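One structure is given here, and the rest of the page talks about it.
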Amino acid sequence: MQRRQSSKTPKQPLQVQHKHQTDLSAGRKGGRIDSEKSVQSHQSPKDQKNDSNQGSLEEALTYFDKVQDRVSLKKNKVLQKHLTTVESIALQRGLPPEAFDVLLKVALNGKLADTVNTRLLKSLVPASVIPETSVVSSVSWLCVSKCSGNVQLLFLRWLITMFDFIDHKEQLHALYGFFFSFLQDEKMCPYVCHVLYLLTRKESVRPFRIRRLLDLQAKMGMQSYLQALLSLYKLYCPELVTITLPGKMKTYFKNSEGPWKAAINTVRRRNQENSQVFRPLVLGTAQPQSRKRKWNTQLIIPASSTNRNNLYEDREKNCGDLYRMNEPFPVEQLQTFSQLLQNIHRLGFPSQMGSVLTNPLLLHYMNCIKDESVYLRLYYWMGQTLQEECTWCVADNNLYEEEFKDFLETIYKTECFLQEGFSSCEEFLYKSLPLWDGFCCQSQILRLVSWIPLSSLSEIKSHLYDPLAQLFFTSSLYFKCSVLESLKELLQNWLNWHVTHLDSESDSQVHSLNTTLSGLVNTVAELIHFVGWISTVALRLENNHTFLLYFILDFYEIVCDMYLKYSLPLLIMPPAGVFYPALLSMDSVNLNQLCYIMYRYRTNLVAAKENELSKKKIRQFKFSSQTYQEYNQYITAMVACLWTSSVFQKDTHPQGLGMDDELLKKMAVQEVKTSFNIVNHPAMIGYAVLFLQEAWPDDTTFNFSLIKGKKWNWYLEYLYAQGLKGLKVFIESSINRVSQASHSKAGNAQV
């Protein structure tokens with residue numbers, strides 16, 4: 001893998017780079033030998049144009065480096081030519097590292113008009129990296145105040161936008177106090193706070209700085225950028241920041257990348273199209289970098305002037321000394337899990353927090369050490385990125401849909417790794433779902449929905465359920481099933497969170513746990529009622545489609561076991577619009593699944609009743625009598641339908657199958673009463689036919705009345721052998737208890 005050229009000596013002559021490299025280093029102007037001319041004569045027009053651009057860029061940089069006096073843009077055609085050259089190359093291919101020292105110096109030293117300085121700053125788009133030394137030198141020009149306030153503001157915006165491209169950060173951290181002194185300027189304060197937010201470490205937090213921020217807040221009011229810095233200070237040193245800050249801010253800082261965003265995208269797109277694109281050395285074997293800065297999620301290891309072997313030798317040589325230091329351990333050098341364990345309490349997290357998402361070692365750190373400052377910075381970065389790059393919320397972003405999909409997929413995998421959702425992702429979903437068409441990034445969005453955390457639950461109905469229901473009812477069968485699967489995973493994640501936190505609670509926290517448990521019960525109940533409602537409507541819209549019913553029953557397979565499996569004192573029966581289509585389903589898989597669900601409902605309700613009577617549980621939520629009543633109605637209907645062939649007489653549910661005998665006679669259906677038992681049921685009749693073929697191979701009349709008495713028991717064993725375990729546990733647990741005599745009478749009941 002190629003290495004970056006050293007950028008610590010910007011005054012050296014600009015070197016000619018390979019034609020496929022991203023860096024636009026210019027060529028020397030000296031005479032060329034004949035062999036070089038021969039090679040050039042065989043170059044393609046595109047390569048010759050590139051060489052010409054490199055030469056033009058070198059001339060422009062040489063010109064700007066030698067500018068001594070103020071030059072008027074209108075009266076100087078040479079200046080106009082070189083300025084246009086820099087802008088053209090920067091916006092098309094990006095500038096090499098060597099160009100930044102020259103252009104930053106001339107843009108900030110005040111020798112040119114503000115118009116020229118502004119155009120130069122707006123053209124400072126890197127092809128690969130920006131040397132830290134160039135940035136430090138440019139910051140020093142702010143001390144002499146030779147450039148105007150507008151240029152200073154634009155420089156700070158450029159620094160914020162290009163922060164992830166700077167190859168090193170140590171010298172910039174040393175300038176923390178210098179940046180902090182600029183807070184007194186009201187116009188610069190928002191951008192200075194943003195820079196400080198990116199640079200802040202624990203050692204940066206000092207009492208005098210906290211006092212200064214509080215004074216500014218008293219003077220300027222509750223500004224979001226001041227709150228952002230104070231929140232970060234409070235996370236690092238809570239004993240120093242004693243004031244109460246808002247719990248959640250959706251946007252701390254304004255977007256600063258406007259003038260450079262299009263150029264960055266252009267450079268990234270062009271570089272990706274090159275088959276031999278220059279790729280910086282990345283940590284690990286993750287995917288290559290995205291062309292968009294915002295989710296450049298790899299940790300870039302800064303290059304040095306030494307070769308690769310020397311780099312590894314130096315790293316091994318200094319490794320032992322590094323472990324003994326008290327200074328933060330740079331994550332760029334974190335390569336193994338053992339290094340993580342040895343340095344876990346002094347890791348210095350990267351300024352580009354997006355690099356955390358694809359680094360398993362840093363994710364392990366986040367899982368083990370609940371460092372709120374890391375989460376705060378990650379949430380801010382992720383929230384800003386999602387808001388700015390959403391392909392259906394921001395115009396002209398549809399060109400990057402595939403990259404946005406990859407970014408959302410990375411977030412989802414990170415949430416799965418950490419086993420918790422991100423609040424910034426929750427805010428993004430609440431804000432974007434009303435605008436979503438249900439098609440763009442469909443699988444990624446629905447996966448993120450499954451990780452919405454248990455926070456701000458009062459917003460979930462209006463921000464999640466309402467927009468999701470509108471899409472659900474007007475979309476395809478596949479989308480309906482995908483939504484149900486996502487909501488099932490959401491319920492599963494909430495229940496897993498409850499079990500994990502329940503185990504970690506102590507007896508002294510019983511009262512607060514009860515409060516939390518009440519909120520969780522209400523939230524889970526609301527989710528289950530929502531799924532029951534949309535499922536009932538969807539089954540009507542899709543004519544009780546078997547595929548849809550499978551996903552609905554899959555959801556209720558979790559619901560029926562919440563009390564015993566997840567220690568949640570809540571059981572909610574499926575609505576009649578789900579239960580009866582499943583009971584009368586044409587598919588044996590659905591019927592078998594319904595039998596298993598009803599078996600688990602019975603097991604949970606019996607356990608709850610026993611605990612309630614014995615009062616073993618201190619924190620016991622009593623189930624409502626309506627739950628028991630609904631279960632009894634459903635179980636009576638199932639037994640009467642599948643076993644005793646009396647469903648039309650015994651089903652008492654308002655939406656059930658109960659009918660008068662006179663009405664049944666008018667239907668003129670033969671043997672109507674036995675139409676839905678386990679022999680004649682539309683979902684089971686195929687098994688009955690196969691059983692008759694095996695039991696009476698010579699009989700071709702398929703006389704189902706033969707299945708009675710001992711043959712009935714043989715038929716049951718045959719069904720169990722076919723894998724209908726749900727039907728088996730249902731019959732063994734419920735039917736014998738509902739009617740002891742029904743088994744012996746069943747043979748006579750089947751005509």
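Key figures
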{"quantity": "Matching option when the condition is farther than 18 Å from residue 105 by Cβ and either outside the structural domain of residue 112 (by the TED database) or of a type outside the set (Asp, Glu) (or both), among 189, 143", "calculated": "189"}
{"quantity": "Region 342-379, residues that are open to solvent by 10 Å² or more (accessible area, probe 1.4 Å), modelled with pLDDT under 80 and hydroxyl-bearing (Ser, Thr, Tyr)", "calculated": "351, 375"}
{"quantity": "Top-ranked residue of region 73-103 - restricted to ones that are open to solvent by 30 Å² or more (accessible area, probe 1.4 Å) and outside any helix (DSSP H, G or I), ranked as nearest to residue 260 (Cα to Cα)", "calculated": "73"}
{"quantity": "Single residue of 93, 157 found to be among the charged types (D, E, K, R), closer than 30 Å to residue 197 by Cβ, touching a residue at least 12 places away in the same chain (Cβ under 8 Å) and in the same structural domain as residue 193 (by the TED database)", "calculated": "157"}
{"quantity": "Filter result for residue 583 (open to solvent by less than 10 Å² (accessible area, probe 1.4 Å) and either under 31 Å from the mean Cα position of the chain (by Cα) or among the aromatic types (Phe, Trp, Tyr) (or both))", "calculated": "no"}
{"quantity": "Residue count, region 185-215 (criterion: in contact (Cβ under 8 Å) with a residue 24 or more places away in the chain, part of a helix (DSSP H, G or I) and either under 27 Å from residue 144 (Cα atoms) or more than 28 Å from the chain's Cα centre (by Cα) (or both))", "calculated": "18"}
{"quantity": "Odd one out for residue 689 among (1) assigned to a loop (DSSP other than H, G, I, E, B); (2) surrounded by fewer than 17 Cβ atoms within 10 Å (Cβ to Cβ)", "calculated": "(1)"}
{"quantity": "Members of region 258-275 that are more than 26 Å from the chain's Cα centre (by Cα) and either modelled with pLDDT under 70 or not in a helix (DSSP H, G or I) (or both)", "calculated": "271, 273, 274, 275"}
{"quantity": "Those residues of region 220-257 which are crowded, with 19+ Cβ neighbours inside 10 Å, at pLDDT below 75 and closer than 16 Å to residue 375 by Cβ, in sequence order", "calculated": "252"}
{"quantity": "Verdict on residue 666 being assigned to a helix (DSSP H, G or I) and open to solvent by 20 Å² or more (accessible area, probe 1.4 Å)", "calculated": "yes"}
{"quantity": "Residue list for region 216-242, restricted to those being assigned to a helix (DSSP H, G or I) and small (Gly, Ala, Ser)", "calculated": "218, 224, 228, 231"}
{"quantity": "Test: residue in region 588-607 that is touching a Cys at 6+ places or on another chain (Cβ under 9 Å), β-branched (Val, Ile, Thr) and open to solvent by 10 Å² or more (accessible area, probe 1.4 Å)", "calculated": "yes"}
{"quantity": "Of all residues in region 435-453 being in contact (Cβ under 8 Å) with a residue 24 or more places away in the chain, assigned to a loop (DSSP other than H, G, I, E, B) and under 17 Å from residue 400 (Cα atoms), the one that is most open to solvent (accessible area, probe 1.4 Å)", "calculated": "437"}
{"quantity": "Output for region 100-117, where each listed residue is without any contact (Cβ under 8 Å) to a residue 60 or more places away in the chain and under 38 Å from the mean Cα position of the chain (by Cα)", "calculated": "104"}
{"quantity": "Pair list, Cβ < 9 Å and 6+ apart or interchain, from region 570-599 residues that are among the charged types (D, E, K, R) to residues that are assigned to a helix (DSSP H, G or I)", "calculated": "587/546; 587/549; 587/550"}
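The values are calculated or read from the model by the stated rules, or taken from the named source; none is laboratory data. The shown structure was predicted, so the numbers you read here are calculated from the model rather than taken from an experiment. Positions of Cβ are generated from backbone atoms using ideal geometry, with glycine treated the same way; all protein chains shown enter the neighbour counts. Surface accessibility is based on the protein's heavy atoms, side chains included, excluding ligands, DNA and RNA. Shrake-Rupley method; radii C 1.70, N 1.55, O 1.52, S 1.80 Å.
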